[in-house]
Number of protein chains: 2
Amino acid sequence: MEKLAIGIDIGGTNTVIGLVNRAGKILAEESFPTPSKKLNAQGSEEISKELLKDYIKGIANTIKLLSSQLKVDSEIVGIGIGAPNGNYHKGTIEYAPNLPFSGVVSFCELLGAEFPKVETIRLTNDANAAALGEKMYGGARHMDDFVMFTLGTGVGSGLYSNGNLVYGFDGFAGECGHNTIVENGRVCGCGGRGHLEAYCSAPGMKRTAFELLADYHDETSELAGYAYRDLTSKHIYDAAVKGDKIAKKVFEYTGNYLGQAIADTVNHFSPEAVFLFGGPVAAGDILFQPIKKSLQAHLLPVFQKRNIPVMASELDLGHAAILGASALVWQALN
Amino acid sequence: MEKLAIGIDIGGTNTVIGLVNRAGKILAEESFPTPSKKLNAQGSEEISKELLKDYIKGIANTIKLLSSQLKVDSEIVGIGIGAPNGNYHKGTIEYAPNLPFSGVVSFCELLGAEFPKVETIRLTNDANAAALGEKMYGGARHMDDFVMFTLGTGVGSGLYSNGNLVYGFDGFAGECGHNTIVENGRVCGCGGRGHLEAYCSAPGMKRTAFELLADYHDETSELAGYAYRDLTSKHIYDAAVKGDKIAKKVFEYTGNYLGQAIADTVNHFSPEAVFLFGGPVAAGDILFQPIKKSLQAHLLPVFQKRNIPVMASELDLGHAAILGASALVWQALN
């Protein structure tokens, strides 16, 4: 009988569900669109509850279907969920701006009602789940102290210290994307100013590109051909690879702030290594070199000496979210 | 037979030794000058070794003398040491700029040779020791997640997460005084730029006072009567209490940056509470109000809602260092 953990990744766009064994092999996987926020905006609180009920039912049915189709004899030993604004201590999703459920949703409890035999149901935010995935299946397998930064629509972090993920007093620790990097700097999605996320997320890189175009008044750059709403971080990467000066500067600028932010996190935790995860990480040296340079420049001598490794996550980008979510189960059962 | 922990505080100026019981009562205390760096600067590596040998011997003799003079029947169950650049994992003091020993000193091993029956000897930096003291005897007794910032000649931090002090991979975690607060800002003692310590230590407050005098060209301020090398943070406090505008602005400025820095640490750890320790903390509301205002302004909504308490340490300033050092012992024996 193979023991399996269910990994669920709840994203603003899609919900992905995987059946994962202890070694990190995904035996089955399925995804469907997360119900749209628009429905909720039109509807009342009651419609939102109805929507949530259907959504939970949809997840449960998918898990049951995937399990029944498996060709190996298996047992579901737990369910792990990665979700924005996930509270590990309470098993709740709280005021998630990109999900269609209002207020505080007792997600673990609701899903648990569908699986009365499954005792271990855990939930945390996506960056924490990614860090746990790295610990369980990736490059941090032998580490007790490491940190992970996730780069994407936002900037998240998962902080692993002394053999445990840091959840904090209320379950919301690890929000390094909202560290202040520039005093009175750019407006962040959270309403604050100068946060790391406003500079080093994918949209942050686009903002940097437009600032630099304006600063250098460079009409020859490939990036000068895009409207603001059309430019993506992929365009910036492609242009940088071809040697476009502005695009290359965007990566230097991004790497510089990431290095500064990582140095502050090293001051807090003195980790063995730093992992980066997410789409922009595929840029490789174009991004990692300025990060490493800036990190060394910002570190205390005691940390500089150690030349702390900054590495790409070893998890496959496409499956990391469900792997990380499933890792919550193995961690809890350890 | 009363069980006692020895608490040793190694400072650049004085070395203080105390015999402390489990409840945090200091039964005996003694201090003597830490040997001067000048001796070392003049001398060779051999003289430095000789000096260290004598220093260890002096500490051991003081402990033995204090113990023998006690009127209660007692047993020394451990020795805890707070020292700059203290490495908890290795029990070493490493490259401490204000101590007269060069390189890496195996302090726990050397002192342990004088007390063969004492198994528990632990060492960490002074801010970590202060945080442990708060956990063992102070306001954090019932907390598993809290952070402490120490304000003095420098800015230190002790980070307590998930029921344990954060030491990190190499034992040097908790260096929040060197977080970058201002991009390309003031030169810090460590060689970096824009670090919290360069703004919010006692010397940092003096630097702020002179910047503000220059900025406002205010010759009527009481602070305008001091030469740079004569002004102290006590002068600034006294002037602020009397309503001096520049002095009050120094506290606002300092509190603003402390609030920003604390917000970043809250993002990392989501602590139950924040403790402040050190001379400037005696300023009370003059310092705490701008800190709290800035902290709230810099926090994510999820943390703002919780109105995270920022409090003065409950430890007596004069004895906190040896209390904290002794707490290392009780923590290890727990």
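Each value in this text was obtained by applying a stated rule to the coordinates, not by laboratory testing. Since we're looking at a predicted model, the values are computed, not measured. Please note: Cβ atoms are built from the backbone with ideal geometry, for glycine as well, and neighbour counts cover all protein chains shown.
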Surrounding net charge for residue B:333, when Lys and Arg each add one and Asp and Glu each subtract one, Cβ distance under 13 Å: +1
Copies compared at residue B:225 - label distances in nm, ascending, label defined 7 Å from Cα in the Cβ direction: 7.1
Label spacing, shortest first and in nm, from residue A:305 to its equivalents in the remaining copies (7 angstrom along Cα→Cβ): 4.5
Shielding by partners - mean other protein chain Cβ count within 10 Å, residues of B:294-305: 4
Three-way shape label, segment B:142-312, alpha-carbon gyration tensor, a/c 1.5: prolate
Loop trypsin sites (Lys or Arg not before Pro), segment B:97-195, which have at most 14 other Cβ atoms in a 10 Å radius of their Cβ (DSSP): B:117, B:141
Sequence-distant lysines (8 or more away, or on other chains) whose Cα lies within less than 17 Å of residue B:242: B:234
In degrees, nearest ten, helix B:45-69 long axis to first principal axis of chain B (Cα): 80 degrees
Nearest-ten-degree value, helix B:202-216 long axis tilted from longest Cα axis of chain B: 10 degrees
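Hey, got the dipole for segment A:185-334? About the Cα centre, +1 on K and R Cβ, -1 on D and E Cβ, debye to the nearest 20?
About 280 debye.
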For segment B:142-312, share of DSSP beta bridges that run antiparallel, in % to the nearest 5: 55 percent
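Using a 10 Å cut-off around each Cβ of peptide B:181-187, what is the average number of partner chain Cβ atoms that fall inside? It would help to have the intermediate numbers written out before the result.
Working: counts 3, 2, 8, 0, 1, 0, 0.
If you average over the peptide's residues, the count of other-chain Cβ atoms is 2.
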The protein assembly as shown - charge dipole about Cα centre, Lys and Arg +1 at Cβ, Asp and Glu -1, debye rounded to 20: 80 debye
10 Å Cβ neighbours from other chains, averaged over peptide A:257-268: 6
Inter-copy spacing of residue A:279 label points, which lie 7 Å from Cα along Cα→Cβ, given in nm from shortest upward: 5.2
In degrees, nearest ten, helix B:126-137 long axis to first principal axis of chain B (Cα): 80 degrees
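Filter the cross-link list A:249/A:305; A:3/A:292; A:305/B:53 down to pairs whose alpha-carbon distance in this structure exceeds 32 Å.
On the way: A:249/A:305 28 Å; A:3/A:292 40 Å; A:305/B:53 28 Å.
Beyond 32 Å between Cα atoms: A:3/A:292.
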Computed [θ] at 222 nm, deg cm²/dmol, chain B (DSSP H ≥ 4; -39,500 (n - 2.57); rounded to nearest 500): -12500 deg cm²/dmol
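How big is the antiparallel share of DSSP beta bridges in chain B, given as a percent to the nearest 5? Write down the numbers at each step before the final one.
Details: 28 of 49 bridges.
Around 55 percent antiparallel, to the nearest 5.
What relative contact order, as a whole-number percentage, does chain A give when Cα pairs under 8 Å and 6 or more residues apart are counted? If you can, show how the numbers build up before the last one.
Details: 673 pairs, mean separation 67.1, N = 334.
Contact order relative to length: 20 percent.
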B from A by rotation - nearest chain A beta carbon to the axis, in Å: A:268, 3
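Sorting check: for B:102-111, A:145-154, which peptide has the highest mean count of neighbouring beta carbons within 10 Å, and how do the rest follow?
Details: B:102-111: 17.7, A:145-154: 25.4.
My ranking of the peptides, most packed first, is A:145-154, B:102-111.
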The protein assembly as shown - share of DSSP beta bridges that are antiparallel (%, nearest 5): 55 percent
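Take a quick pass over segment B:59-217 and tell me how many lysine pairs come in under 27 angstrom between Cα atoms, counting only ones 8 or more apart or on separate chains.
5
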Label-point separation, residue A:241 to residue B:210 (7 Å along Cα→Cβ), nm: 5.3 nm
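Show me the trypsin sites (Lys or Arg not before Pro) within segment A:58-103 that DSSP assigns to loop and that have at most 11 other Cβ atoms within 10 Å of their Cβ.
A:71
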